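**Q** Before I ask anything, let me first share the structure, which is written out below as structure tokens.
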Amino acid sequence: MASVFPTSNPDWNNLSVIHRNTLPPRSHFFLYPDSEKALTRDVSQAKAQLLSGEWKFNLSKSPLIGPVGFQDFDSFEDPDWNPILVPGMWQLQGFGKGPHYTNFNYPFPVNVPHVPIDENECGRYVTYFQLAPEDKDHQLRLRFEGVDSAFTVWLNGKDVGYSQGSRNPSEFDITEYVNLEGDNILAVEVYQRCDGTYIEDQDQWWLSGIFRDVWIHKFPQKSHFEDIKVLPTLDDEYKHAKLRVTVDLSTPEKIVLKLLDPAGSEVIQGTVSGQQSTVVEFNVDEPLKWTAEMPNLYTLVLSLPDCALTERVGFRRVELVKGVFSVNGNPIKLRGVNRHEHHPDFGRAVPYEWLKTDLLLMKQHNINAIRTSHYINDPRLYELADELGLWILDEADLECHGIFIVGGDGNKMLSGNPDWEEAYLDRARQMVMRDYNHPSIIIWSLGNESGYGSNHRAMYDYIKSVDTSRPIHYEGDWNAHSADIFSRMYSSVDDMEGYAKQENWGKPFVLCEFAHAMGNGPGALKEYIELFYKWPRLMGGFVWEWANHGLRTKNVDGEEYMAYGGDFGDEPNNGNFALDGLCFSNHTPTPGLLEYKKAIEPVQTLKLENGNQVRIINRYDFVTLDHLKCFYYYSDDMLDWVEKREVKVPKRVKPHEQALITISDLLGAENLKAAGRHDCHLTLEFSLASATAWAEAGHIVATGQLPLTPPTNPFANLEPASDIHFDLLSPNLLSIISSNNTYEFDLSIGALTSWKRGSPSSGAINILTTPLTLCLYRPQTDNDHGCDFGRNWTSSHLNLAKNHVLSTCWDPSPASGSPPTVTVKARFAPPVLNWALETTTIYSFLEDGKINIKMHGKPIGNWLPRAWARLGLEVGLRDVRSASWTGRGPGESYRDKKESQLIGSYTKTIDELWTDYEFPQEEGNRTDVRAVEFRTEREWELLLGAMFVKPNGNNTSFQASRYTVQDVEAAKHPFELYKKRREDTVVHLDWMHHGLGTGSCGPPTRPEYTLWADREYEVEIVLY
């Protein structure tokens, strides 16, 4: 008789087996010995035992090889068993092939519903635990909060069960398997992949292991809580409430119930005769409401003779009012982010303090909503969101994006395949049953990027059968057949406005992903936010995404960096697409997060009125501005001056209403001009008057800035240089000498190549390390690479274009009153093609060593680039220590990413100007710059100054770094770039700079921020 290997189809490759011997899903709670301990919410006092810590571990390439039957071993001390931390991902603890990143590609052969049996890493875990004498007469529940991707459990050699669903909890009754005395041996076999992996294809690292906590919950056998559901509802006036509590007990027993208000005072107290399923309803008069702005939490305490639990209660009502998404009767706007679970060292095994810091940082940056992309998160996230005040779109652990690139009809394979219905339903069931009680959750989501099919409808119907208090979201259902909300990803501002203007709509619109925050960006955030507030139908959106997914590692030289796809030899991969967050991989803010904070700030400064009044608007959804203070100060082209002064914020400014702030002693434009204050701005700062759970008193939530006086050009009427003479040192070298400056032009390239300060006899050193030349290119950003602009720059060879001189002429003795000049005609052109920017550049030599440079550029030829990356001058300078400028600062800014950077006067060292993106690209620009000065190490000596004349401070920019455009573009990691660090400073003085956009995954640079190449430009700057 023939034999077969394997002898049977394993659970992890069997679509009909999702769970085996697991308990029904329940809400997330801990039991405590009594109500007093329950009120502490300290799980160390709960009737539970944490098994997380150091376990023994063995890894094999397949579940079919290695120490099969290890659950029966007596000892795990041989060298094949190593220590491993739980929670943790084994690839990040030195085991297996290592991390693997794909955006949506399955990193294994697709053979739905089967995964390969020969390439399916298997991690075998073992730990020991002991029980206490008082654990007798308890039902003992072994609970895994998260295991990727599937696992089998044995206790003391006995088969306990199997479960899959990586981000969902699994709970087993182990009462009959334990030893109440002595050691218990817990053995867990974890499979890298299972059939469920096909619907866990989220854009993240493929990592494996027991990555959330493992607990033994100890429920008294006599009687205990099996489950609890809390449903607070508000009446139609949103004034009074009803609290409906559904309690499932193991056996009938009296339940003592108390409801405490946020201050801890008793609101309700009573005793009910609890059956195995009991529903209790209470009326609550005028409760404090729960919102993300005022997260008032009541505490429900339920007690049985041998145990107690608490549940937070937030009184709020989520609904569509005439199609407008509303909470407690108020329309709200979601100023959200998508958040993956990520830590640079531990992957998805995120420590609690790291998680808490994430949410605090969100609140401090005006973010009010999280989409748990694309799976239910650590249960502690929701507890924090309840406390701190964050709206949650809770998303089921479901995505099968990769099935749509294998050919055929992807929906028929999975989302529309009846064989997969129970697998889909399980994801919805696990989500709703675990998270039902959290007031922060205002929307359920059926998952992400899984097409659309009958299984989604089944999920929708199931959720509605158990919860009608929240709307349901699913972006893949474009027509919202099985969703209560229309949802889109990365739609343009214009497209979203089109949706907003549609007539006879009954469902709102949300951008579940927008403003792809990859690398240097996102650009044009302000336009989206203004649109959200303009149109009632638009709910807001969630920026993709919160943080980069880089994993901390070292190169062969021991240099630390954040790795992305391919850095671990993982093929296929999607490279640095893992780096697309508002935070760096260490979860510190990028410039993009600062820009988002500004765009969504809850107080907007609109304009100056009546000479001394500032119009503002309250963009909170529920609260007035009474909790804020406002301070103001002046700044101009020299420095900030006049100490910050407080001004009263009007009382009781309702949400979404405007008000006037009166500054009685505001200096008028005429007084400022008389005092010599040019380019003066009034700056307002709105800050917390008192500390909150998420920030200290004085934390700034919003800023506003209004111009008071226009900028001036102090160099407008400079006299021509009078003490200057020209000397042709060689056929191609022109020297221009004045009493304190010596310049040299290389006529063969038509460029200024030398500038020496001091008299000709002083032995002055050339401050230029490279010629002063035209530059039209930048190292491409991720957003450039991802859209047509970047591809067009490459195909048109803009990156290879350079200046080609046609002629240089000079006039040392012009007509009276005119300065000496050098005029260079040139073509800025690439190889291969015949397009060019024809330029005429006039260098005029003025008093005190100043040079006025005027350039006229005219594009000609075929196949011009669509846009220039920049239009400006590039030069190398020696001995630069710092830059001081008047313009936007202190941080990085671009024409469509600048609102967070206020106009003022700033100084930074050259290294401080650098933004160290984890994938090197264009960085460190400062925009709306009137003037900039570069100073040396030697007592801050002025090396070179520049003032933009035309245009003056409108998109004029500077950048200074230790790297060339070419070096930045060639580097794929920061450590590669550091090796190219120069001693001199590469300076860019740009009259104009192309915007950033979000083209890495979304709309490219908007037209109004595009530096179009099909038109003529005339620009001017003064160097001194």
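The values are calculated or read from the model by the stated rules, or taken from the named source; none is laboratory data. Bear in mind the structure is a predicted one, so any value in this text is a computation, not a measurement. Cβ: placed from backbone, ideal geometry, glycine included. Neighbour counts: every protein chain shown.
**Q** So which residues in the range 81-116 are more than 29 Å from A563 (Cα to Cα) and either touching a strand residue (DSSP E or B) at 6+ places or on another chain (Cβ under 9 Å) or touching a residue at least 12 places away in the same chain (Cβ under 8 Å) (or both)?
**A** Applying the first criterion (more than 29 Å from A563 (Cα to Cα)) to the range 81-116 yields 111-114.
Matches in the range 81-116: V112, P113, H114.
**Q** To continue, here is another question. Of all residues being farther than 16 Å from A946 by Cβ and of a type outside the set (S, T, Y) in the range 834-854, which is surrounded by the most Cβ atoms within 10 Å (Cβ to Cβ)? Just the residue, please.
**A** Applying the first criterion (farther than 16 Å from A946 by Cβ) to the range 834-854 yields 834-840, 842, 847.
Filter once more, so that each one left must be of a type outside the set (S, T, Y): 834-838, 842, 847.
On the way: N834: 11, W835: 20, A836: 19, L837: 25, E838: 17, I842: 16, E847: 15.
Ranking the qualifying residues of the range 834-854, first place goes to L837.
**Q** Which of the residues spanning the range 474-532 are among the β-branched types (V, I, T) and farther than 30 Å from Q921 by Cα?
**A** Filtering the range 474-532 for residues among the β-branched types (V, I, T) gives 485, 493, 510, 529.
Within the range 474-532, I485, V510 meet the criteria.
**Q** In the set F108, F57, F95, which member is surrounded by 15 or more Cβ atoms within 10 Å (Cβ to Cβ), touching a Gly at 6+ places or on another chain (Cβ under 8 Å) and not in a strand (DSSP E or B)? Step through it out loud before you land on a result.
**A** Working: F108 fails: touching a Gly at 6+ places or on another chain (Cβ under 8 Å); F57 fails: not in a strand (DSSP E or B).
Every option except F95 fails the conditions.
**Q** Could we say that P814 is in contact with a Leu (Cβ under 7 Å, 6 or more places away or on another chain), assigned by TED's automatic domain parsing to the domain that holds L877 and not hydrophobic (A, V, I, L, M, F, W, C) here?
**A** no
**Q** Only one of these conditions is not met by P24: (1) farther than 30 Å from L425 by Cα; (2) surrounded by fewer than 14 Cβ atoms within 10 Å (Cβ to Cβ); (3) touching a strand residue (DSSP E or B) at 6+ places or on another chain (Cβ under 9 Å). Which number is it?
**A** So P24 meets the others, but not (1).
**Q** Condition first: in contact with a Phe, Trp or Tyr (Cβ under 6 Å, 6 or more places away or on another chain), surrounded by fewer than 18 Cβ atoms within 10 Å (Cβ to Cβ) and free of Cβ contacts under 8 Å to residues at least 12 places away in the same chain. Can you find one or more residues in the range 642-663 that meet it?
**A** Yes, the conditions are met somewhere in the range 642-663.
**Q** Turning to a different aspect of this structure: Does the range 253-278 hold any residues that are surrounded by 11 or more Cβ atoms within 10 Å (Cβ to Cβ), acidic (D, E) and not in a loop (DSSP other than H, G, I, E, B), and which are they?
**A** Hit for the range 253-278 is E253, nothing else.
**Q** Can you name the residue in the range 923-946 that is within 19 Å of G523 (Cβ to Cβ) and in contact with a Phe, Trp or Tyr (Cβ under 9 Å, 6 or more places away or on another chain) and, of all such residues, is surrounded by the most Cβ atoms within 10 Å (Cβ to Cβ)? Talk me through it step by step, then tell me what you get.
**A** If we filter the range 923-946 for residues that are within 19 Å of G523 (Cβ to Cβ), which is where we start, we get 923-929.
The next check asks that each one be in contact with a Phe, Trp or Tyr (Cβ under 9 Å, 6 or more places away or on another chain); those that pass are 923-927, 929.
Values: E923: 21, G924: 24, N925: 26, R926: 26, T927: 25, V929: 29.
Among residues in the range 923-946 that are within 19 Å of G523 (Cβ to Cβ) and in contact with a Phe, Trp or Tyr (Cβ under 9 Å, 6 or more places away or on another chain), the one surrounded by the most Cβ atoms within 10 Å (Cβ to Cβ) is V929.
**Q** Go through the range 567-618 and give me each residue that's of a type in the set (D, E), under 25 Å from the mean Cα position of the chain (by Cα) and farther than 21 Å from I661 by Cβ. Don't jump to the end; show me each part of the working.
**A** First pass over the range 567-618, keeping only residues of a type in the set (D, E): 567, 570-571, 580, 595, 601, 609.
Applying the additional criterion that residues be under 25 Å from the mean Cα position of the chain (by Cα) yields 567, 570, 580, 595, 601.
Residues satisfying the conditions are D567, D570, D580, E595.
**Q** Exactly one condition in (1) farther than 17 Å from H100 by Cα; (2) of a type in the set (A, V, I, L, M, F, W, C); (3) in contact with a strand residue (DSSP E or B) (Cβ under 9 Å, 6 or more places away or on another chain) is not met by F211; state its number.
**A** Every listed condition holds for F211 apart from (1).
**Q** Another question about this same structure. Taking only the range 649-667 into account, find how many residues are assigned to a strand (DSSP E or B) and either of a type in the set (D, E) or within 17 Å of E601 (Cβ to Cβ) (or both).
**A** If we filter the range 649-667 for residues that are assigned to a strand (DSSP E or B), which is where we start, we get 658-662.
This time we only want the ones that are either of a type in the set (D, E) or within 17 Å of E601 (Cβ to Cβ) (or both), so: 658-659, 661.
Residues meeting the conditions: 3.
**Q** Sort through I367, I376, I443, I405 and tell me the only one that's farther than 17 Å from S469 by Cα, among the aliphatic types (A, V, I, L, M) and out of contact with any helix residue (DSSP H, G or I) (no Cβ under 8 Å at 6 or more places or on another chain).
**A** On the way: I367 fails: out of contact with any helix residue (DSSP H, G or I) (no Cβ under 8 Å at 6 or more places or on another chain); I376 fails: out of contact with any helix residue (DSSP H, G or I) (no Cβ under 8 Å at 6 or more places or on another chain); I443 fails: farther than 17 Å from S469 by Cα.
That would be I405, the only listed residue that is farther than 17 Å from S469 by Cα, among the aliphatic types (A, V, I, L, M) and out of contact with any helix residue (DSSP H, G or I) (no Cβ under 8 Å at 6 or more places or on another chain).
**Q** Go through the range 285-318 and give me each residue that's over 30 Å from D135 (Cα atoms) and either of a type in the set (S, T, N, Q) or assigned to a strand (DSSP E or B) (or both). Spell out the reasoning first.
**A** Let us first name the residues in the range 285-318 that are over 30 Å from D135 (Cα atoms), namely 285-298, 313-318.
Within the range 285-318, K289, W290, T291, P295, N296, Y298, V313, F315, V318 qualify.
Condition check ((1) surrounded by fewer than 16 Cβ atoms within 10 Å (Cβ to Cβ); (2) in contact (Cβ under 8 Å) with a residue 40 or more places away in the chain; (3) basic (K, R); (4) part of a loop (DSSP other than H, G, I, E, B)) across all residues:
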position	(1), (2), (3), (4)
F958	no, yes, no, no
E969	no, yes, no, no
E983	yes, yes, no, yes
M992	no, yes, no, no
G1002	no, yes, no, yes
T1005	no, yes, no, yes
V1019	no, yes, no, no
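**Q** Moving to a separate point now. Whether any residue in the range 431-438 is in contact with a His (Cβ under 8 Å, 6 or more places away or on another chain), closer than 12 Å to I199 by Cα, not in a loop (DSSP other than H, G, I, E, B) and not assigned by TED's automatic domain parsing to the domain that holds S163 is what I want to check.
**A** no
**Q** Pick from the range 856-874 the residues that are in a strand (DSSP E or B) and of a type in the set (A, V, I, L, M, F, W, C): which of them is farthest from T703 (Cα to Cα)? Break it down into steps so the answer makes sense when it comes.
**A** Residues of the range 856-874 that are in a strand (DSSP E or B), as a first pass: 856-860, 867, 870-874.
Those still in the list that are of a type in the set (A, V, I, L, M, F, W, C) too: 860, 867, 871, 873.
Values: I860: 44, A867: 33, L871: 31, L873: 33 Å.
This residue is I860.
**Q** Would you mind telling me which numbered condition in (1) farther than 23 Å from S170 by Cα; (2) within 21 Å of the chain's Cα centre (by Cα); (3) not in a loop (DSSP other than H, G, I, E, B) E449 fails?
**A** (3)
**Q** Right, something else. Taking the condition β-branched (V, I, T), modelled with pLDDT of 95 or more and either surrounded by fewer than 22 Cβ atoms within 10 Å (Cβ to Cβ) or not in a loop (DSSP other than H, G, I, E, B) (or both), does V949 pass?
**A** Details: β-branched (V, I, T): yes; modelled with pLDDT of 95 or more: no; either surrounded by fewer than 22 Cβ atoms within 10 Å (Cβ to Cβ) or not in a loop (DSSP other than H, G, I, E, B) (or both): yes.
Against the criterion (β-branched (V, I, T), modelled with pLDDT of 95 or more and either surrounded by fewer than 22 Cβ atoms within 10 Å (Cβ to Cβ) or not in a loop (DSSP other than H, G, I, E, B) (or both)), V949 does not qualify.
**Q** So which residues in the range 717-734 are of a type in the set (A, V, I, L, M) and touching a residue at least 40 places away in the same chain (Cβ under 8 Å), if there are any at all? Break it down into steps so the answer makes sense when it comes.
**A** So the first thing to find is which residues in the range 717-734 are of a type in the set (A, V, I, L, M), and the list is 718, 721, 724, 728-729, 733-734.
Passing the criteria: L718, A721, I724, L734.
**Q** Here is a check on your reading of the model: is K47 closer than 30 Å to R312 by Cα, charged (D, E, K, R), buried (at least 17 other Cβ atoms within 10 Å of the Cβ) and at pLDDT 95 or above? Lay out the reasoning, then the answer.
**A** Values: closer than 30 Å to R312 by Cα: yes; charged (D, E, K, R): yes; buried (at least 17 other Cβ atoms within 10 Å of the Cβ): yes; at pLDDT 95 or above: yes.
It is true that K47 is closer than 30 Å to R312 by Cα, charged (D, E, K, R), buried (at least 17 other Cβ atoms within 10 Å of the Cβ) and at pLDDT 95 or above.
**Q** Moving on to the next point. Somewhere in the range 10-23, is a residue on the phi > 0 side of the Ramachandran plot, basic (K, R) and not assigned by TED's automatic domain parsing to the domain that holds Y352? Full working, then the answer.
**A** Narrowing the range 10-23 to residues on the phi > 0 side of the Ramachandran plot: 21.
Those still in the list that are basic (K, R) too: none.
Checking the range 10-23: not a single residue is on the phi > 0 side of the Ramachandran plot, basic (K, R) and not assigned by TED's automatic domain parsing to the domain that holds Y352.
**Q** Closer than 30 Å to G270 by Cβ, out of contact with any helix residue (DSSP H, G or I) (no Cβ under 9 Å at 6 or more places or on another chain) and either part of a loop (DSSP other than H, G, I, E, B) or without any contact (Cβ under 8 Å) to a residue 12 or more places away in the chain (or both): is that true of P344 in this structure? Walk me through it before giving the result.
**A** Working: closer than 30 Å to G270 by Cβ: no; out of contact with any helix residue (DSSP H, G or I) (no Cβ under 9 Å at 6 or more places or on another chain): yes; either part of a loop (DSSP other than H, G, I, E, B) or without any contact (Cβ under 8 Å) to a residue 12 or more places away in the chain (or both): yes.
Taking the combined requirement at face value, the residue does not satisfy it.
**Q** Right, another one. Which residues, taken from the range 875-890, are buried (at least 22 other Cβ atoms within 10 Å of the Cβ) and either touching a Pro at 6+ places or on another chain (Cβ under 9 Å) or assigned to a helix (DSSP H, G or I) (or both)?
**A** The answer is V875, T886.
**Q** Which of the following residues is within 24 Å of Q164 (Cα to Cα) and touching a Cys at 6+ places or on another chain (Cβ under 9 Å): G410, G402?
**A** Details: G402 fails: touching a Cys at 6+ places or on another chain (Cβ under 9 Å).
Going through G410, G402 in turn, the sole match is G410.
**Q** Return only the number of the condition from (1) modelled with pLDDT of 95 or more; (2) among the polar types (S, T, N, Q); (3) more than 20 Å from T886 (Cα to Cα) that T703 does not satisfy.
**A** Answer for T703: the failing condition is (3).
**Q** What number of residues within the range 588-611 are surrounded by fewer than 21 Cβ atoms within 10 Å (Cβ to Cβ), part of a loop (DSSP other than H, G, I, E, B) and modelled with pLDDT of 95 or more?
**A** Number of matching residues: 2.
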